[in-house]
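Asker: Before I ask anything, let me first share the structure, which is written out below as structure tokens.
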């Protein structure tokens, strides 16, 4: 038995090793550790890292963390959607219509799979919203929106989402690295995230709103320019794809979690439908598909494209509101949400 | 599983810990199991292909070794070559040959609907096939006795540090190390860890940093300026060298932790002052394989100048095709064949004694510049996805248009700043781990700088090694 065991187990492989103190390695560990300590000690004054692929997403995640830590959760309403909601719906204006705690979690240029990801991992556990507002348009719920999908791929490939998507024993290790190891965190630097600043011009307000533009949309007689990215998206409308799937998953979540969902059809200019000859008919198909989903999931449908008559002067471009439009649409949404919440309370 | 992945960072210490506790035979079994897990991590289905190829060659080699009948030995050798090259042909070259045949037939006005296989290329198949072939040929030539242990032979073929991207180690070098009890010394451990660090630094801090810029320039050969295209090919030269040499250094470092010495694969090739010297320093394990098992059997330089040039060209064409099933690789091989033949034609076998001695004069500098640029021209064909893209790239360089981009200049400068001192240090003392001879504060600063550079520059995705696809 002893002979058998010694034929398998033996430490003779390392028996001849004359162990020495690896002074170079110890010194290197000390230098790297020193850098790490410096980063931790100086983190108060150093810029935050872009862990979520863009300054805006990183800033919102950080802001939501601080809100949760300060006990400002749950919120009454959480808004999700791409840029037309992030720059088009101001919670401050909405709150003027009623005492609601609202957070705008919409993410500029991101598709619904990216929104769903951030919602599941950040917004839902930290903000615990009582009502979810999903801002939609045919541009967003569309199988051909490669432009926004590329932006979303950038989010999924960034440090924090990749850590969250890791599986097995790697996941806690990567979470630890992104959460606690300064050398890793400070690989991507940017200015002033701590105060919600996204870039040199824009800063998040305390409700996650990026700020409204003052420019005014002027319709061109020939419609959108030839090289406008929306032409690629709207030329052959298709109500399917990853964004529609993620949107439906959010509706399912709302039904299962018993959280009311309000879907807002965001306003846009007619030029967007005039991109293709079938644009108007495509839009009717989109409305029919939304009606079908509404029957299935029972969400509240607020059609601001058809229900509010907005002028060119209230738009910044073909589907983004300017300051005047933001004030009007946000107040309207605030009133509608106030009624819905009161109705739900009864 | 990539060497620069977190999975491997857990896998290696676990295997090492178990390895150091086991006796010799059990160590071999553990290494074999670990190698198959390592390979199966990528795609478990191809483990059976590796096992089949290994077992088949093991038994053929035993039979070649056992028989004295020359004709029978030759038949068995041919059978082994056919089986190995058939596997390689089916998995790597089938679609290439059928597509090329159909294109040639279509050009002659005979449209053919050829079958296409939707198959994945098993990672490392070119490396382990060549390694098995060299074993069979060595046994056939009586340079080596066939091993009687399937475990030892299977470990020789599949030893995980070099399984998927080389170096292609000869059986005469690796098999005895597997068969004998291995004693591990402090030098094995320290030099192994330093080699891994240098290899990781090359891959993560240099190759992966320049990769996105190379991709960007090669994606737009029709619109980038001449200067950007030139910088793009310089960056690719740096990328492919650091990617592959980094892998080879990591493989050698990891093997040393197990007490096993693998062959050196690179010796600062871009300091070569002639194309012949370049091939003595670049992918040494492949170039010596091609020399010993292809060039010399073809006749080498023993049958006159014309036969020598033909043999050089054939060897390099096949060397190019070995890299991938694409005409761009064939052109890359043909260019190098032409360079080598041209060099032989102009200079014969004369060598620059001063450069060989490490000296560096004006002639050597000119030779270095010419060699580097000839190699870079060939890299354009190697990197381009199609022949048309390569021509477009060359036409873009010849157009003399536009101005350089500041970001490309900065990346090139940063890559050279990291690479040149490392290669100069290695070249000066003719060892891969010059840092081990330096005073400990300098060593500490160098190690820390490498680690910090890797943390600062690493991308979030693990970028696969370029040579994995071959």
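Asker: Check residue B:143 against each of (1) surrounded by 15 or more Cβ atoms within 10 Å (Cβ to Cβ); (2) more than 14 Å from chain A (Cβ to nearest Cβ); (3) in a loop (DSSP other than H, G, I, E, B) and name the one condition it does not meet.
Answerer: (1)
Asker: May I pose another question? Give B:60, B:22, B:32 a once-over and let me know the one that is in contact with a strand residue (DSSP E or B) (Cβ under 8 Å, 6 or more places away or on another chain) and either surrounded by 16 or more Cβ atoms within 10 Å (Cβ to Cβ) or within 14 Å of another protein chain (Cβ to nearest Cβ) (or both).
Answerer: B:22
Asker: I've got another one for you. Do you know which residues across region B:90-128 are assigned to a helix (DSSP H, G or I), within 30 Å of residue B:158 (Cα to Cα) and at pLDDT 70 or above?
Answerer: Of everything in region B:90-128, those that are assigned to a helix (DSSP H, G or I), within 30 Å of residue B:158 (Cα to Cα) and at pLDDT 70 or above turn out to be B:90, B:91, B:92, B:125, B:126, B:127, B:128.
Asker: So, one more: Out of B:368, B:416, B:408, which single residue is modelled with pLDDT of 90 or more, part of a helix (DSSP H, G or I) and either buried (at least 17 other Cβ atoms within 10 Å of the Cβ) or in contact with a helix residue (DSSP H, G or I) (Cβ under 7 Å, 6 or more places away or on another chain) (or both)?
Answerer: Every option except B:368 fails the conditions.
Asker: Same structure again: Of B:259, B:337, which residue is more than 16 Å from the chain's Cα centre (by Cα), surrounded by fewer than 23 Cβ atoms within 10 Å (Cβ to Cβ), modelled with pLDDT of 90 or more and outside any helix (DSSP H, G or I)?
Answerer: The match here is B:259.
Asker: Consider residue B:424 carefully, then state whether it is away from chain A (no Cβ under 14 Å), modelled with pLDDT of 85 or more, exposed (fewer than 14 other Cβ atoms within 10 Å of the Cβ) and closer than 28 Å to residue B:277 by Cβ.
Answerer: yes
Asker: If you don't mind, another one. Run down A:233, A:261 and say which single residue is within 28 Å of residue A:309 (Cβ to Cβ) and out of contact with any strand residue (DSSP E or B) (no Cβ under 6 Å at 6 or more places or on another chain).
Answerer: The unique qualifying residue is A:233.
This table checks each residue for (1) modelled with pLDDT of 90 or more; (2) more than 20 Å from residue A:51 (Cα to Cα).
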site: A:86; (1), (2): yes, no
site: A:91; (1), (2): yes, yes
site: A:111; (1), (2): yes, no
site: A:132; (1), (2): yes, yes
site: A:152; (1), (2): no, no
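Asker: Same structure again: What residue, among those in region B:1-14 that are more than 10 Å from chain A (Cβ to nearest Cβ) and under 25 Å from the mean Cα position of the chain (by Cα), is surrounded by the most Cβ atoms within 10 Å (Cβ to Cβ)?
Answerer: Looking at residues that are more than 10 Å from chain A (Cβ to nearest Cβ) and under 25 Å from the mean Cα position of the chain (by Cα), I get B:3.
Asker: To continue, here is another question. Read through the list (1) crowded, with 16+ Cβ neighbours inside 10 Å; (2) part of a helix (DSSP H, G or I); (3) at pLDDT 90 or above, then give the number of the only condition that residue A:256 fails.
Answerer: The number of the failed condition is (1).
Asker: For region A:154-186, what are the residues that are outside any helix (DSSP H, G or I) and surrounded by 14 or more Cβ atoms within 10 Å (Cβ to Cβ)?
Answerer: Within region A:154-186, A:157, A:158, A:166, A:181, A:186 qualify.
Asker: Can residue A:130 be described as over 15 Å from the mean Cα position of the chain (by Cα) and within 14 Å of chain B (Cβ to nearest Cβ)?
Answerer: no
For every residue, the table says whether it meets (1) closer than 22 Å to residue B:215 by Cα; (2) within 9 Å of chain A (Cβ to nearest Cβ); (3) modelled with pLDDT of 85 or more; (4) surrounded by 14 or more Cβ atoms within 10 Å (Cβ to Cβ).
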residue: B:434; (1), (2), (3), (4): no, no, yes, yes
residue: B:437; (1), (2), (3), (4): no, no, yes, no
residue: B:440; (1), (2), (3), (4): no, yes, yes, yes
residue: B:461; (1), (2), (3), (4): yes, yes, no, no
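Asker: Only one of B:204, B:214, B:233 is within 14 Å of chain A (Cβ to nearest Cβ) and at negative phi. Can you tell me which?
Answerer: Matching residue, one of B:204, B:214, B:233: B:204.
Asker: Out of the residues in region A:14-64 that are crowded, with 21+ Cβ neighbours inside 10 Å and at the interface with chain B (Cβ under 7 Å from one of its Cβ atoms), state the one that is farthest from the chain's Cα centre (by Cα).
Answerer: For region A:14-64, the residue satisfying everything is A:24.
Asker: Looking at A:108, A:151 in this structure, which one is more than 24 Å from residue A:262 (Cα to Cα) and surrounded by fewer than 24 Cβ atoms within 10 Å (Cβ to Cβ)?
Answerer: Only one candidate passes the filter, namely A:151.
Asker: Something else about it: Output the number of residues of region B:38-51 satisfying the condition of being within 22 Å of the chain's Cα centre (by Cα) and away from chain A (no Cβ under 14 Å).
Answerer: 9
Asker: Filter region A:155-170 down to the residues that are more than 10 Å from chain B (Cβ to nearest Cβ) and modelled with pLDDT under 80 and list them by number.
Answerer: A:167, the sole residue that qualifies.
Asker: Which one of these is at pLDDT below 95 and within 14 Å of another protein chain (Cβ to nearest Cβ): B:248, B:287, B:191?
Answerer: Going through B:248, B:287, B:191 in turn, the sole match is B:191.
The values are calculated or read from the model by the stated rules, or taken from the named source; none is laboratory data. Everything numeric here is computed off the predicted structure, so don't read it as measured data. Cβ atoms come from the backbone with ideal geometry, glycine included; neighbour counts cover every protein chain shown.
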